[in-house]
Amino acid sequence: MAQMFGLSRTRAADLIARGMVLVDGAEAAKSDRVLAGALLDVEIPVEVDPLAVVPQEVEGIQILHDDSSIVVISKPVGVAVHPSPGWTGPTVVGHLAAAGFEIATSGASERQGIVQRLDVGTSGVMVICKSEHAYSVLKQAFRDREIDKVYHALVQGHPDPLEGTVDAPIGRHPKADYKFAVMADGRPSVTHYATLEAHRFASLLEVHLETGRTHQIRVHMAALKHPCVGDLTYGADPTLAKRFGLERQWLHAVRLGFTHPDTGEHVEYSSDYPDDLAHALELVRSAD
């Protein structure tokens, strides 16, 4: 099989194990020999590259700003920033490709032009680079923590103190690959928060990220015993989530401020709460 079809021996063995190889009409084992005159029947499926960018316009992505250097969007929930193994849903880069945007080619092929990310389950404002110069400048600005990243989070209970800083390293959860946790050997992670509204069941916080670890706000709020409302992955109360009609964590990237890579001026872009979060917040307010 490897010689006839130009496959690796590993790929050939995988096809046999998946029952896609017949010898004289019978399913074969990888140790079987093909004798002279035998009929070898092999089904070779088309393998889809999980990292390939598939142009596909995505309903709900809003263009907040567009110039020759950058495009700023408001990302809806349920959309990944770029393709990754195991994700088959819509992506920001796929939408931009379908909509005719040409973005910077720096970075890995599936995430060209990407200098920041938002979780699939987190909505809000983000910037993508169109020029190589913008990519270089903003990538460094994110590394140097010169970007003002502001989120609003609705968390269970009332943090004490009402305003503070969480400085706790974050690493991958020791028992669940899809989760993260405060770990002694994790990467440095700093979150600043302030209470905007305190209600009977929950508090609305404004959060400034000093670092940008995966799930950082969700992990730090859970570590304070005040998980984001609706964030069942990190210990939120499912009864409370159902009461307020939430099927995801109440977390939204509301503002993004930075020095424009071309003009040198400070620019700031904002994104309104999506309908599900706005509705949940009104329910929380009315429950007082």
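The values are calculated or read from the model by the stated rules, or taken from the named source; none is laboratory data. All of these numbers come straight from a predicted model, not from anything done at the bench. Counting neighbours? That spans all protein chains shown, and the Cβs are built from the backbone with ideal geometry, glycine included. The accessibility values were calculated without ligands, DNA or RNA, using every heavy atom of the protein model including side chains. Shrake-Rupley method; radii C 1.70, N 1.55, O 1.52, S 1.80 Å.
Sum up the charges of everything whose Cβ sits under 14 Å from the Cβ of Glu27, counting Lys and Arg as +1 and Asp and Glu as -1, but leave Glu27 out.
With Lys, Arg at +1 and Asp, Glu at -1, the neighbours total -2.
How large is Rg over Rh for the chain, taking Rg from the Cα atoms and Rh as the Kirkwood inverse mean of 1/r across Cα pairs?
A ratio of 1.11.
What's the Kirkwood radius of region 59-187 in Å, using all Cα pairs?
The answer is 16.7 Å.
For region 24-152, build the charge dipole from Cβ charges (+1 Lys, Arg; -1 Asp, Glu) around the Cα centre, then report which of Leu118, Gln56, Ala98 sits farthest towards its positive end.
Value: Leu118.
For the chain, with every protein chain kept in place, what is the accessible area per residue (1.4 Å probe, Å²)?
With the other protein chains kept in place, the chain gives 53 Å² per residue.
For region 54-141, with only Lys/Arg (+1) and Asp/Glu (-1) charged at the beta-carbon, what is the dipole magnitude about the Cα centre, in debye rounded to 20?
Charge dipole, region 54-141, about its Cα centre: 240 debye, nearest 20.
Once label points are set 7 Å from the Cα along Cα→Cβ at both Arg200 and Lys175, what is their separation, rounded to one decimal in nm?
3.4
Using a 10 angstrom cutoff on alpha carbons, build the Gaussian network for the chain and name the most mobile of His199, His266, His220.
His266
What list of ³J(HN,Hα) values in whole Hz, one per residue of region 217-227 in order, does the Karplus curve 6.51 cos²θ - 1.76 cosθ + 1.60 (θ = phi - 60°) give from phi, with Gly and Pro shown as x?
In residue order, the calculated couplings are 4, 4, 5, 5, 5, 5, 5, 7, 6, 10, x Hz.
So if R0 is 41 Å, what FRET efficiency would Ala29 and Thr88 give, r being the distance between their Cβ atoms, rounded to the nearest 0.05?
So the FRET efficiency works out to roughly 0.80.
So if we plug the beta-carbon distance of Thr165 and Arg285 into 1/(1 + (r/R0)^6) with R0 = 22 Å, what FRET efficiency do we get, rounded to 0.05?
So the FRET efficiency works out to roughly 0.25.
Once label points are set 7 Å from the Cα along Cα→Cβ at both Gln56 and Met4, what is their separation, rounded to one decimal in nm?
Taking the simple label geometry, Gln56 and Met4 are separated by 3.5 nm.
Find the lysine pairs in the chain meeting two conditions, Cα atoms under 26 Å apart and a separation of 8 or more places or different chains, and report how many there are.
15
Can you give the helix-only mean residue ellipticity at 222 nm for the chain, where every DSSP H stretch with n ≥ 4 adds -39500 (n - 2.57) and the sum goes over all residues, rounded to the nearest 500 deg cm²/dmol?
Calculated at 222 nm, the ellipticity per residue is -5500 deg cm²/dmol.
Could you give the length gained by full extension between Asp148 and Ser68, i.e. 0.36 nm per residue of separation minus their alpha carbon distance, to one decimal place?
Additional length available on full extension: 26.6 nm.
If we count every other residue with Cβ under 12 angstrom of Arg255's Cβ, Lys/Arg +1 and Asp/Glu -1, where does the sum land?
-3
Which FRET efficiency value, to the nearest 0.05, is calculated for Ala36 and Ala13 with the Förster distance at 22 angstrom and r the Cβ-Cβ distance?
Taking R0 as 22 Å, the efficiency between Ala36 and Ala13 is 0.45.
Cβ neighbours within 10 Å, averaged per peptide: list 26-32, 237-243, 267-273, 119-125 in order, most packed at the top.
119-125, 267-273, 237-243, 26-32
Using all Cα-Cα distances in region 1-138, what percent lands in each 10 angstrom bin from 0 up to the longest?
In whole percents, the pair-distance histogram is 11, 32, 17, 14, 16, 8, 1.
With all protein chains present, how much of the accessible area of the chain (probe radius 1.4 Å) comes from carbon and sulfur, to the nearest whole percent?
So the carbon and sulfur contribution to the accessible surface is 49 percent.
Please give me the summed charge of the neighbours of Val81: other residues whose Cβ is under 12 Å from its Cβ, Lys and Arg +1, Asp and Glu -1.
+1
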